[in-house]
Amino acid sequence: MVDFVRPRRWPAYAMALLLLGYAVGKAAFALQARLGFPGGPPVPASEAAGYFLDPALAQWLASASGVLGACVALATVTSLGRLLPRTLMLVVLGGMTLAVLGGGGIMVLDGFVGIGVGWQWYHGVLGLVAIAVTVEMSRSYLVATRPARRLGAGAAPTA
């Protein structure tokens, strides 16, 4: 039987690895000035002028967000990370979970249903894994950092 009350470290380590892989992939797209989806074409300079951000710059920023996300994941299980205020970490984890739900959800939809982005079925599986690991990492952080329960009046502590 699985103990859902005990915090686990492996989801944070797995999420850090997934996010570092994401960062490396985005850096590779940035070096090629490509858009960030499978088979994304190189963006000619004439077309890039119509974008809010240069595609290469956008990919570098996405790569940095992957590294930052990996640091956040590791902060959920390290003693240095536990020094951060719980409320701040919960807000950051909430935003991170929403971002992974969005990106992973698109991978799942396109991988299994096909919405035209270009993801394959195995990308859909990776999206499901990323979503599950993120949710478990957040749940584990909540369990590990929950405030101690106070004994009620007249309650005797049990050994």
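Data overview
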item	result
Hits in region 135-144 (condition: of a type outside the set (Gly, Ala, Ser) and open to solvent by 30 Å² or more (accessible area, probe 1.4 Å))	Val135, Glu136, Arg139, Leu142
Condition met for Val24 (among the hydrophobic types (A, V, I, L, M, F, W, C), modelled with pLDDT of 90 or more, open to solvent by 80 Å² or more (accessible area, probe 1.4 Å) and in a helix (DSSP H, G or I))	yes
Search result, residues across region 114-159 that are modelled with pLDDT of 85 or more and polar (S, T, N, Q)	Gln120, Thr134, Ser138, Ser140, Thr145
Total residues in region 58-105, condition more than 14 Å from the chain's Cα centre (by Cα) and of a type in the set (A, V, I, L, M, F, W, C)	8
Residues being at pLDDT below 75 and not hydrophobic (A, V, I, L, M, F, W, C) - total across region 35-78	11
Qualifying positions in region 78-134 - within 30 Å of Thr145 (Cα to Cα), touching a residue at least 60 places away in the same chain (Cβ under 8 Å) and either in contact with a strand residue (DSSP E or B) (Cβ under 6 Å, 6 or more places away or on another chain) or surrounded by 19 or more Cβ atoms within 10 Å (Cβ to Cβ) (or both)	Ala130, Val133, Thr134
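The values are calculated or read from the model by the stated rules, or taken from the named source; none is laboratory data. All values derive from a computational prediction rather than experimental measurement. All Cβ positions, glycine included, derive from the backbone under ideal geometry; neighbour counts span all protein chains shown. With ligands, DNA and RNA removed, areas are computed over all heavy atoms of the protein, side chains included. Shrake-Rupley method; radii C 1.70, N 1.55, O 1.52, S 1.80 Å.
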